[in-house]
1. Could you figure out which of (1) within 20 Å of Arg231 (Cβ to Cβ); (2) modelled with pLDDT of 80 or more isn't true of Ala156?
2. How about the stretch 106-137: which of its residues are free of Cβ contacts under 8 Å to residues at least 60 places away in the same chain and more than 19 Å from the chain's Cα centre (by Cα)?
3. So, in the stretch 50-62, exactly how many residues are in a helix (DSSP H, G or I) and surrounded by fewer than 19 Cβ atoms within 10 Å (Cβ to Cβ)?
4. Filter the stretch 187-201 down to residues that are over 22 Å from the mean Cα position of the chain (by Cα), in a helix (DSSP H, G or I) and of a type outside the set (Val, Ile, Thr), then give me how many there are.
5. Those residues that are acidic (Asp, Glu) and buried (at least 19 other Cβ atoms within 10 Å of the Cβ), I need them from the stretch 95-107; list them, please.
6. Filtering the stretch 121-153 down to residues that are farther than 27 Å from Asn97 by Cβ and either of a type in the set (S, T, N, Q) or outside the structural domain of Ile96 (by TED's automatic domain parsing) (or both), which residue is modelled with the lowest pLDDT?
Amino acid sequence: MMAEDVRELTGRRKPKLSENVAQTLREQILGGDFRVGDKLPSETRMTQLFGVSRTVIREAVAALAADGLVVFVRDHPTRKLEAMAADAGYKISQAINVLEVRMGIEIESAGLAAQRRNPSQEARIQEAFFEFERLLQAGQPTGKADFAFHREIAAATNNPFYVEILDALGDRTIPCDRNSPWYSVEVLSYEYLTGLQMEHLRILQAISAGDSEAARAAMRAHLLAARDRYRARLSGQQENYAPAPPPAARIRSF
């Protein structure tokens, strides 16, 4: 007997995962678990709660929106950040702009991580640090580990918005990888990356010591140093500039 025949006989079909999630949320909303004006848990949190993918969660929320139970926010700030990061282009000026945004976020996140991290979170920050070291010694790109180090610090704030904003900026903001739009040969040199790792070490040590002010200072120094390195690249481009020779005169023939 075909599956279609079974459905005809029973008059039922197995509910989709998104329908199950939507029904659970609908019951919670109508049951008063959420008050008018309350926000649903974040998409990331709901994937954890229901054990399903983001696509399933989005379908469920879309179904609730169709019922008039929730309202979509079309221009979510992090989506704007994602679009801006994706459209950053290859200009060093854009890299400096991203660094200024990161300073506004990550200096405080380092201080909060020093205050709020639990042993597991501290261990993950350290693991990301030593993964960077492993890749460095193996001569492999370190960009992913670099981003993971900063992301684990954001996670250790126990404030999900720090992680959300950093994820929106994305690991393409880390210059020490070939995938970065601001990659250059000098940012993959062993000397450059070793200096970067020492900056990471000072951040890690301050967080491990629970010294929030030292953690903020170390993160500030790290990001300012990155900004200065980009400015040095701009200065180097000016110094190496040589005007092009005038075009050869054309000889007109008659």
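The values are calculated or read from the model by the stated rules, or taken from the named source; none is laboratory data. From a predicted model like this one, the values you see are computed outputs, not experimental measurements. Positions of Cβ are backbone-derived with ideal geometry, glycine not excepted, and every protein chain shown enters the neighbour counts.
1. All conditions are met except number (1).
2. Arg116, Asn118, Pro119, Ser120, Ala123, Phe130, Arg134, Leu135, Gln137
3. 6
4. Final tally of qualifying residues: 5.
5. Hit for the stretch 95-107 is Glu106, nothing else.
6. Step by step, filter the stretch 121-153, then rank; the result is Gln140.
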